[in-house]
Structure formats: C-alpha cells, structure tokens
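See structure below.
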Amino acid sequence: MSSPPSSSAPSTSTAATPAFVIHDAVNARCRPIPVNPRGGLYLVLTSADVVVQDFCVQVCGFHYFTFLAIVGHTLPYVWVGNSATQCPGSCAYSFVVPPFAAGLRKAERPLNVDVGVGGMVSVVAHELAEMASNPLVNAWYAGEDPISPTEIADLCEGIFAALPLSWQCCVFDML
C-alpha cells in the first residue's frame, strides 16, 4: 500500500503510526483504499529515511490491527521498514554480512539489486505468515512461555534461501 499524498506520516514514527496512515488512506478524498474488515490485509511500507520506534533495535516489521477509535474498523495490517541505510546487517541480513559475521558467509544478491527492498520482501513474507495464523495477535503461538510467545514465522527466523526459478524470461526469489 502506498500512502496517499495527503498522508500525515511523520519522518519519525511510533508503533502506532501505521494505523494513522491506514486511517488517512481509507478516508482519502481522492481514491480511498477499500475497507474490508473480514478479508482485507493492509501493508504499510516505509522508505529508508523514515525512523520508526524500535526499528532495527527490536523489530524489522510487525503485524497488528487498527482500533475502532482511530480508523472506524478493526483492520489487520503489516508494517515493514526499509533498512537500507539504518540496519541492513540486521533487517536485510541475507543481503548484507554484518561485521560480526565477516568471513563466515557471503551476502546473497537481491534480484532487484536493492538491499533495503530485498530485506523488506523477506520481512513481509515473515509477517504475512504470522498474520495468517494470528491476525489479531491473540491466536496461535508456539512454546510454553506466555511472557515471550513465539509466532509461526519466528520458528524459522533467519533462515532464508534464495532459490532462483526461471520461467520464460523471468527470475524469482522464493521465500
């Protein structure tokens, strides 16, 4: 989802900002995005210059849902940041070798040649898997620890395989 030009998202955001971006998008005067509380999924992707609370420190993206008081609907969403300049070694780890792993492995080459976007694709896949099994953050968890529950994509955190598949003239990454 791209934000409409009227979006009021600041360049420094909190974890609550994606809900306000969705509010602006569904209430836009010109071409609002459709509201689908039963089957809709909303993606908020930020550019490399947007700083979001806890990004690169605790999260590379997250899934949550909007509140009735903010958007008027309970809508599940995924937010993912572009780590190209802020933390490519942690949020685009497949495509950048962090200093502590120098010499231990090679960086994969993202097919679109953009490290930030390559990392975002990986995090989007991770969050979509979790959104499918836990859309309102109250459903499926693994493990016995209620303080630190593990969602489905966390079970294979950090495992990424670029499997180029050729189809006619196109090449794809599989996550």
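For the stretch 12-172, what is one quarter of the convex hull surface built on the Cα atoms, given in nm²?
12.1 nm²
Assuming R0 = 30 Å, what is the FRET efficiency of residue 68 and residue 133, from their Cβ-Cβ distance, to the nearest 0.05?
Efficiency at R0 = 30 Å is approximately 0.80.
Report the paramagnetic label zone for residue 14: residues of the stretch 47-74 whose backbone N is under 13 Å from a point 7 Å from Cα along the Cα-to-Cβ axis.
53-54
Please report 144, 157 as a ranked list, fewest other C-beta atoms within 10 angstrom at the top and most at the bottom.
The order, fewest Cβ neighbours first, is 144, 157.
Enter the Cα centre distance for the pair the stretch 16-50 and the stretch 64-91, rounded to the nearest angstrom.
Taking the Cα centre of the stretch 64-91 as reference, the centre of the stretch 16-50 is 10 Å away.
Quick one: if the Förster radius is 25 Å, what FRET efficiency do residue 90 and residue 140 give, using the C-beta to C-beta distance and rounding to 0.05?
About 0.45, to the nearest 0.05.
Which of 55, 100 comes first, and how do the rest follow, when ranked by fewest Cβ neighbours within 10 Å?
100, 55
Read-outs: derived from the displayed coordinates by stated rules, not from any lab. All values derive from a computational prediction rather than experimental measurement. So basically every Cβ, Gly included, is an ideal-geometry build from the backbone, and we count neighbours across all protein chains shown.
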